[in-house]
1. Once every DSSP H run of n ≥ 4 in chain A is given -39500 (n - 2.57) and the sum is divided by its residues, what mean residue ellipticity at 222 nm do you get, rounded to the nearest 500 deg cm²/dmol?
2. Considering only the protein assembly as shown, what is the antiparallel percent among its DSSP beta bridges, to the nearest 5?
3. For A:Ile244, A:Ile182, A:Ile31, what's the fewest-to-most ordering of other Cβ within 10 Å of each Cβ?
4. Modelling each spin label as a point 7 Å along the Cα-to-Cβ direction, I'd like the A:Leu33/B:Lys120 distance in nm, to one decimal.
5. Give me A:Val151, A:Val207 sorted ascending by neighbouring Cβ count inside 10 Å, so fewest comes first.
6. What are the radius of gyration and Dmax of region B:112-208, computed over its Cα atoms and given in Å?
7. Please check chain A for the longest run free of trypsin sites (Lys or Arg not before Pro) that are loop-located per DSSP (anything but H, G, I, E, B) and have at most 10 other Cβ atoms within 10 Å.
8. Can you give the log10 of the normalised intensity I(q)/I(0) at q = 0.08, 0.13 Å⁻¹, computed with Debye over equal Cα scatterers of chain A?
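Rule-based calculations on the coordinates, nothing more; no lab input. Model, not experiment: these values are computed from the prediction. Every residue, glycine among them, receives a Cβ derived from its backbone with ideal geometry; neighbour counts consider all protein chains shown.
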Amino acid sequence: MNPRATARPPQRARWQRVLLSAWVRPVLLVILLLVVWDLAIRLFHIPPYLIPSPWSVVRQLVSEWPRLLKESIPTTYATLGGFAMSIAFGIPMALVIAYSRTVESFVYPLLVFSQSVPKIAIAPLFVVWFGFGIVPKVIAAFMLGFFPIVVSTVMGFKSVDPDMLDLARSMKASRLATFARISLPQALPSIFAGLKVSITLAVVGAVVGEFVGSNSGIGYLLQIANGNFDLPLMFAALTVLSAIGVVLFVAIDVVERLMIPWHASQRHDVALAA
Amino acid sequence: MFKRLTCIAAAALLALAASPVFAQGKEKVVLLLNWYVYSEHAPFFLGKERGYFDQEGIDLDIQEGRGSGVTVQAVAAGTATFGYADVATMIKAASKGAPVTAVGVALQTSPMSVMGFAEKNIRKPADIKGKTVAVTPGDSMSQVWPLFLKKTGLKDSDFKTVSGDAQTKLNAVMTGQADLLLGYVMDQAIKLQDATHKDIYPIRFADYGVNMVSSGIIVQKDYLKAHPDVVKRFLRAATRSLEEAAKNPDAAVDAMLKANPKSGVKETALVGMKNTASLYHGPDNPKDRPLRVGATNMDETLALLVEYGGLEKASAGKASDYYTNDFLP
């Protein structure tokens with residue numbers, strides 16, 4: 001056998017490796033979907049006033065880019081505001097629920113009940129209560145983003161290994177130390193799962209808020225595009241909106257990797273990189 | 001036993017043979033409205049109740065809509081036979097390729113207005129200065145608004161604007177977040193009055209030289225080609241309905257409230273119906289039967305849309321591309 005071949009294990013060709021890298025794969029899928037979209041429009045003769053062609057959306061995305069960028073700023077602010085509020089209220093509330101059966105029995109059912117109220121139905125009232133500024137949008141984002149954080153945080157704290165807690169107790173660890181060394185680290189993966197769901201929902205909430213009453217933002221732009229039958233602009237705005245969601249999601253993913261590099265969910269990435 | 005079976009079979013056959021005749025006699029037709037039912041739609045309920053559509057061999061099913069844009073798309077896609085929608089909105093969709101045309105224009109004078117509580121004493125455009133106006137971005141009124149401002153010498157900086165959806169506009173005026181809203185004289189004005197029991201004063205765009213046709217009956221072009229007869233019969237019944245409703249608004253509102261008890265309150269719906277009927281004629285054809293629109297009126301509407309309504313000049317074409325009076329009685 002050739003010694004060089006054993007030194008370098010048989011590897012796929014370089015283009016194959018590039019093709020299969022984690023960044024390229026979703027892009028490939030997007031391209032595939034665009035092709036299918038375009039083909040569907042051509043094959044079934046779908047008129048542009050029902051579904052625009054991908055090409056016209058891309059053109060609109062390029063020509064309207066400055067405006068889209070400008071309008072995406074208030075939407076991002078509202079999303080982040082709602083998300084921050086979700087964390088500020090969601091995690092403490094989840095802690096109390098996880099550690100107190102009494103609170104849980106009082107609050108949890110009501111929380112689930114409130115979550116089933118369609119936000120779009122009460123969103124007009126937010127404008128009545130809080131005016132036309134950023135507040136109603138932040139509240140709408142909060143209403144959607146809050147629940148997943150609570151649910152997954154409660155689950156995280158409840159599924160801490162009881163043997164570990166016993167061990168800490170037997171070693172006379174203080175309650176704070178037990179929390180900081182055992183409960184919190186073990187709950188973090190669940191909390192992050194909740195945060196990720198929450199941020200994508202917060203984007204939706206912000207736009208719901210903008211739809212109902214707002215002088216700026218992607219939701220405002222969507223309304224104008226809708227009124228003019230400008231479907232390419234509408235789809236372009238939706239693309240930008242989704243991009244905001246993806247960027248924020250990835251940001252949380254990065255924070256997660258930094259905070260819990262030891263967790264099982266992070267390990268396969270190491271294997272992939274190797 | 002066998003005999004009975006043959007009997008049933010024979011009856012079934014008879015029924016089968018009879019059904020196409022029956023179907024031919026009664027054409028099932030869906031009229032998709034532009035919005036939830038309110039006074040503007042009362043004539044169709046009157047026509048249905050009085051049997052005008054039955055007499056034309058039309059089995060009319062009136063369905064509520066969620067905005068003119070959606071109605072136009074549904075008619076273009078063949079989901080609804082007829083649509084009752086804002087003709088200006090239809091023109092915009094048609095210029096983007098939607099195969100629809102207006103076969104009758106109901107509101108030929110614009111119902112658009114800027115309105116607020118009468119107690120605020122905003123009665124002429126100059127009074128708008130320093131006030132707050134609620135608009136819905138992208139809707140037909142918000143697009144014609146700049147022309148109204150131009151005609152009345154107002155500037156954007158003369159007043160404050162807040163934007164929101166249809167419900168938010170109403171809420172904003174009711175709660176005092178805004179002094180005025182852009183709305184239709186027979187729609188938002190009535191809703192505000194119903195909710196607050198206060199008088200509303202609308203400043204009509206049409207009174208300041210801004211006229212544009214509004215709601216009309218639209219149909220898919222292919223359907224028009226394939227079933228000209230049904231369209232003619234439908235429009236005969238619709239014309240009678242509008243005429244009768246204009247003469248007898250009381251009966252029209254009763255018919256609507258009977259079919260749709262939630263669609264309004266008798267007294268204010270009656271005002272709404274009367275206001276609607278006052279818009280049935282344009283400035284250029286005061287004597288025509290309802291639904292028959294004047295050519296000048298349509299030309300002006302198209303010109304306005306090109307200049308202010310976001311319609312591209314290149315794809316606009318001419319007014320006659322978007323409407324026809326040929327199927328009216």
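1. Rounded to the nearest 500, it is -26500 deg cm²/dmol.
2. Among the beta bridges of the protein assembly as shown, antiparallel pairing accounts for roughly 60 percent.
3. By the 10 Å Cβ count, ascending, the order reads A:Ile31, A:Ile182, A:Ile244.
4. With each label placed 7 Å out from Cα toward Cβ, I get 4.4 nm.
5. In order of increasing Cβ crowding within 10 Å: A:Val151, A:Val207.
6. Taking only Cα atoms of region B:112-208, I get Rg and Dmax of 11.9, 33 Å.
7. The longest such stretch corresponds to A:13-171.
8. -0.49, -1.02
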